[in-house]
1. Just reorder I127, I132, I297 by solvent-accessible area, largest first, 1.4 Å probe, all chains present.
2. Just to confirm a number: summing +1 for Lys and Arg and -1 for Asp and Glu over residues other than R31 whose beta-carbon lies under 10 angstrom from that of R31, what do you get?
Amino acid sequence: MRHVVSSSSSSSSLTSSRSCSSSSNKKAIDRVSLDQLSYSDFISKYAKPRKPVIIQGLKLTKEEWSLDFIKRKCGSKEVNLHKRETDSVEWGSLHAVETMTVKEFIDTHTTNQTRRSYYLHDWSLPIKCPGIFGSPPYDEFVMPKYFVNDYFQKLPFESYQHSWPSLFVGASGTQSDMHIDSGGTHFWMFLLSGRKDWRIFPRSDRMFLYETPGVEHWEYNPFQQQQEEEDVCSSSSSSSPSSESPSPSSSSSSSYSSSSPSSSFPLVECARVYHGIQEPGDLIFIPAGSPHAVSNIEDIHALSMNYVDATNFYYHLQRRLVDGEFRAFELFTKPSFHHELSTDEPLPKTFGEFKSQKRKTRSRS
């Protein structure tokens with residue numbers, strides 16, 4: 001849904017309660033180590049307040065899931081590949097372009113000039129390559145404790161139940177434009193290799209981001225803005241030899257300029273944005289409903305998951321109604337469905353344990 005500012009007076013009322021300073025609204029994503037972040041702290045500091053975080057020190061797989069490992073396990077499977085088109089109104093500006101085997105894409109995606117722009121995006125491993133999880137009891141993959149209470153695992157016949165974790169593979173320079181993950185779901189991504197540059201906006205600031213009416217597409221692109229600012233800085237420094245030139249690190253894609261947004265998008269100054277670089281071994285959490293964009297600044301491969309728990313349950317229900325998914329809404333709102341926020345510190349679960357959780361039901365009086 002597009003939020004429209006209809007007049008200068010309404011614009012003033014929208015922005016009067018906060019700073020519209022571009023620099024003050026830019027915030028680095030918190031980085032917290034696994035041993036310093038309990039489940040209850042994750043819920044109270046990040047999931048409930050809808051704040052992104054990068055968690056360090058997690059180990060999700062028994063064996064290293066290198067690209068060679070993925071080729072051995074899934075190499076013969078076919079994948080649909082996507083390419084970013086800047087003028088597209090598709091989700092994340094990603095268009096389906098070609099189909100090939102996993103092995104062929106992995107072997108050529110960094111050397112073939114055409115395929116360098118292709119992105120293996122959100123490819124379901126449980127559905128497309130279940131063998132990667134090993135043999136029973138399926139302990140090759142471990143679900144972090146923060147996400148084991150996924151409601152999708154508590155319902156039969158839920159379409160998202162077996163979709164994740166999914167696989168991403170892309171060369172340096174590939175990216176997803178601004179988008180919101182579907183279904184009002186939380187999202188996490190664990191980076192196996194490479195580096196990713198993130199821009200994440202709070203759900204409540206969506207109105208400042210120039211969404212195109214009728215489609216989930218944004219005219220504003222934070223990475224394009226940053227490149228334009230860097231080009232201006234580069235041009236200014238080259239034309240004024242006596243002026244102080246920025247250091248190489250300040251103009252790299254790993255830093256976020258404090259300059260004001262383009263005059264074409266003045267309301268963006270009122271939007272808060274979280275920014276950060278994800279390194280190998282980092283897991284990033286993105287709250288439900290948060291518009292975000294990401295750029296791969298090195299060749300990457302990663303695992304991801306969307307999920308629902310008590311912290312985004314009602315937002316998920318709202319999205320299911322808006323999207324006309326009435327059967328799913330009915331399943332989640334049955335009197336027997338057990339819905340509560342656990343107060344216990346859960347343990348990580350192997351993939352087999354995660355998929356075979358006992359479904360709690362609420363007793364009927």
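The values are calculated or read from the model by the stated rules, or taken from the named source; none is laboratory data. Just so it is clear, the structure is predicted and the values come from calculations on it, not from any experiment. Neighbour counts run over all protein chains shown; Cβ positions are idealised from the backbone, glycine included. Note: areas computed on protein heavy atoms with side chains; ligands, DNA, RNA excluded. Shrake-Rupley method; radii C 1.70, N 1.55, O 1.52, S 1.80 Å.
1. Details: I127 100, I132 0, I297 35 Å².
Order by accessible area, largest first: I127, I297, I132.
2. On the way: positive: none; negative: D30, E279, D282.
Combined, the nearby Lys, Arg, Asp and Glu give -3.
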